[in-house]
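Remarks on the structure that follows.
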Amino acid sequence: MVIIPSVTTIPVEKSVLKELKSIKQYPRQTYSELLLEMSKVFKLCQPTKSQYDEFLHNVRQKNAVKASLGTENYIASEKSLGKLWNLKEEDEAWKDL
């Protein structure tokens, strides 16, 4: 008795199929293997929950500061900080490292 693994058909655009063919690691690699490898890489590249939470916290802090200063004052304070952070001497020093 031959056991056939459960499979499914996924409709994709021809351009997607062409792209998948072009990134196969070897000619006989199945699309199932390829998609599994791609999903592993994708999971590794995803930010962790803590990174996402930190990002949201920073956005909320920035919005709170913006609300407390008012938009015009906030933009002015960002510009003045930008002048401090955009020192050409520091940029030149870091280039050689």
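Annotations for the structure displayed:
- Tallying residues that are modelled with pLDDT under 90 and more than 16 Å from E33 (Cα to Cα) within segment 1-23 yields 4.
- Segment 3-38, residues that are among the polar types (S, T, N, Q) and either surrounded by 10 or more Cβ atoms within 10 Å (Cβ to Cβ) or in contact with a Pro (Cβ under 9 Å, 6 or more places away or on another chain) (or both): Q29, S32
- Cβ-Cβ under 6 Å pairs, at least 6 apart or on other chains, segment 38-53 side in a loop (DSSP other than H, G, I, E, B), far side modelled with pLDDT under 75 and of a type in the set (S, T, Y): none
The values are calculated or read from the model by the stated rules, or taken from the named source; none is laboratory data. Note that the coordinates shown come from a computational prediction; the quantities given were computed from them, not determined experimentally. Quick reminder, even Gly has a Cβ in these numbers, built from the backbone with ideal geometry, and neighbours come from all protein chains shown.
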